[in-house]
Amino acid sequence: MSHVYEPLTAATIPAYIARQPHLSARVNADSLDVTEVGDGNLNLVFICRDDLGQSIVLKQALPYVRAAGEGWPLTPERATAEARGLRAGRSASPETSPEPYGYDEANYVIAMEDLSALTVWREELNVGHAHGDASDQCGRHIARLLASTGPLDLDPAEIRVERGRLPNTAMCEITEALVFTEPYIDHEHNSWPTAVGGLIAELRADAAYRAGVERCKRTFLTTAECLVHGDLHTGSVMVGTDEGVDRTVVIDPEFCFYGPVAFDLGALFGNYLVAAVRAAALGQHDHRAAVQRLPGGTWRGFETELRTRWAQRSSPTLTDHSLEQWFVDIRRQAISFGACKAARRMIGFAKVSDIESLPDDVHADAVAVVLRNARRWMLNARELDPTLLLEDLDA
Ligand code: SR1
Ligand code: MG
C-alpha cells in the first residue's frame, strides 16, 4: 500500500540530503549541483555532485508511469522491490552491480553510486560501439544471481519464502500485458509503420507463433527458479571505463521477481537483435559483425559461470545430468523469450531508440526484419544455437 509523499526536485534535494547522515557523509549538502537525468519510462533520477567532485545518485519512483503521465498510475512500491533487487545483485555479483547507499521507504528514494562515468549500453550500440565484453559480463551476472537466489544453494522452502517477500505484482502485470498480451490484440498502446501492417497481421494469425508466446507467458507466470532482473534490456546496462577500469554494471531491477532465469537471457537476446538490425539497416558491416557475437558472449558467460557455481553447489540432490537438461530448457526458453521481447518493442508500448531513430527510408524495413527474426526464433527455438542467433538476419 503506498502513501502520500513529495516528489524530490533539484531545489529540495540539498535539504533532503542534509537530513540524512549516511548521505551527507558522502556529499557536502551545502555545495550541491543537482541535475535530473532520468530518461527511462518510469522514474526521477538525480545526480548530486558537490564542490569536491563527490557525487551520489538519488532515484525516486513516481506514483505513475513517467513516459505516459498521471493517467497511468503505478505504485511507487516498485522502488522497494528495486532496492531489494539492487541488494541481491550486489551480494551475488558485486563486480557487475552498483553500490547501493540506502533506501528511504517513506519517500521511495534509492541512493546509490553515481555511474555517470559510464554510458547506457543501448546508446553505445546506437553509435557503433558493441562492447563485446559486456555481453559476457551480463551472462555471468545472470548466472551468479541464479546461483545465489536459486536451487543450487537454497532449498525450496527458502525460495518460497523469498518469493513471497517479493511478489512485485504490479510490475509483473505490466510485463504480462506489454510483452505477452497487448502486441497480439487491438490496443491503444500499439503502433507500427503502415508498411508492416500485413506482416503483423500474419504474425498474429500464426498459430504456432502464438502458441509459443502463450507458452512463454505460462512459463513467466508459473516458474520461480530464482530472482531475475525482469527488464534486462541494453538500456538496463551501463558500460565503459571508470578511473581506468572497464566496467559493466546492471542497473534498474525494479521489475525483479522470482521467475524463469531464461527471461533475462531472452531480454538481452531480443535487444541484441534490434541492435543488429539497426547496424544492418545503416550498412555498418563491422559493427553488425560485432553485435552478432553478443548472444554467444552472453550464453558462454552464463554457461561458464553456472558450471563453476554448480561445481560448488550445496544442494545434495542435483545431478550433473540435470544440469545438461537444464541448459537445454534454458536455451530454448531464452530464445523464445527473446522473440517476445523483440516483437513487443516493434508493436507495443515503449519502443526502442535503436529502431525509432533510424532514417525514415529504412525504418519500416528494419521493423519488418526484427519481426521476421522474432518469428523465426520462436518457431525454431529448440534447434537454434545462441552463438549463431544473429548470423543470418535474412534467413
Ligand atoms: C510502463 S513501463 C514500460 C516499459 O519500460 C520498462 O523499461 C519495461 O521494459 C516496461 O515494459
Ligand atoms: Mg528501466
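The values are calculated or read from the model by the stated rules, or taken from the named source; none is laboratory data. Source: prediction; values computed, not measured. Heads up, the Cβs are rebuilt from the backbone with ideal geometry, glycines too, and the neighbour counts pull from every protein chain shown.
A few remarks follow.
- Elements of type helices (runs of 4 or more DSSP H) contained in the range 74-149, each with 3 or more residues being touching a Phe, Trp or Tyr at 6+ places or on another chain (Cβ under 6 Å): 132-149
- Residues in the range 207-248 that are away from ligand 1 (no atom under 16 Å from the Cβ), within 28 Å of SER116 (Cβ to Cβ), among the hydrophobic types (A, V, I, L, M, F, W, C) and in contact with a helix residue (DSSP H, G or I) (Cβ under 6 Å, 6 or more places away or on another chain): LEU227, VAL239.
- If you check VAL27, VAL45, VAL65 for being aliphatic (A, V, I, L, M) and more than 16 Å from ligand 2 (Cβ to nearest atom), only one passes: VAL27.
- Out of ASP39, ASP33, one residue alone is among the charged types (D, E, K, R), surrounded by fewer than 17 Cβ atoms within 10 Å (Cβ to Cβ) and within 16 Å of ligand 2 (Cβ to nearest atom). It is ASP39.
- Qualifying residue in the range 222-230 (condition: among the small types (Gly, Ala, Ser), modelled with pLDDT of 95 or more and assigned to a helix (DSSP H, G or I)): no
- Residue match in the range 196-209 (condition: under 25 Å from SER357 (Cα atoms) and either within 21 Å of the chain's Cα centre (by Cα) or among the polar types (S, T, N, Q) (or both)): no
- Hits in the range 169-199 (condition: of a type in the set (A, V, I, L, M) and touching a residue at least 24 places away in the same chain (Cβ under 8 Å)): ALA170, MET171, ILE174, LEU178, VAL179, ALA195, VAL196, LEU199
- Count - residues of the range 236-251 that are in contact with a Gly (Cβ under 7 Å, 6 or more places away or on another chain) and within 14 Å of ligand 2 (Cβ to nearest atom): 1
- Residue match in the range 244-255 (condition: assigned to a strand (DSSP E or B), of a type in the set (Ser, Thr, Tyr) and in contact with a strand residue (DSSP E or B) (Cβ under 7 Å, 6 or more places away or on another chain)): yes
- For beta carbons closer than 7 Å, sequence separation of 6+ or different chains, a first residue in the range 33-47 that is closer than 18 Å to ALA18 by Cα and a second that is more than 16 Å from ligand 1 (Cβ to nearest atom) and among the polar types (S, T, N, Q), the qualifying pairs are PHE46/THR35; ILE47/THR35; ILE47/SER55; ILE47/SER116.
- Condition check for ARG90: touching a Pro at 6+ places or on another chain (Cβ under 7 Å) and among the basic types (Lys, Arg): yes
- Here the range 55-73 is the region considered, the condition is being in a loop (DSSP other than H, G, I, E, B) and within 12 Å of ligand 1 (Cβ to nearest atom), and the residue that is nearest to ALA106 (Cα to Cα) is LEU62.
- Among the numbered conditions (1) modelled with pLDDT under 95; (2) in contact with a helix residue (DSSP H, G or I) (Cβ under 6 Å, 6 or more places away or on another chain), the only one that LEU32 does not meet is (1).
- In the range 366-395, the residues that are farther than 17 Å from ARG288 by Cα reach residues that are at pLDDT below 95 and assigned to a loop (DSSP other than H, G, I, E, B) with C-beta atoms within less than 8 angstrom, at least six apart or across chains, in these pairs: ARG376/ALA395.
- Residue within the range 95-102 that is out of contact with any His (no Cβ under 7 Å at 6 or more places or on another chain), surrounded by fewer than 16 Cβ atoms within 10 Å (Cβ to Cβ) and not assigned by TED's automatic domain parsing to the domain that holds PHE257 present: yes
- Here is the figure for the range 10-54: residues that are more than 16 Å from ligand 1 (Cβ to nearest atom), of a type in the set (Gly, Ala, Ser) and in a loop (DSSP other than H, G, I, E, B) total 4.
- Just one of the listed residues (GLY338, GLY297, GLY348, GLY301) is in the same structural domain as THR223 (by TED's automatic domain parsing), surrounded by 20 or more Cβ atoms within 10 Å (Cβ to Cβ) and touching a Lys or Arg at 6+ places or on another chain (Cβ under 8 Å), namely GLY301.
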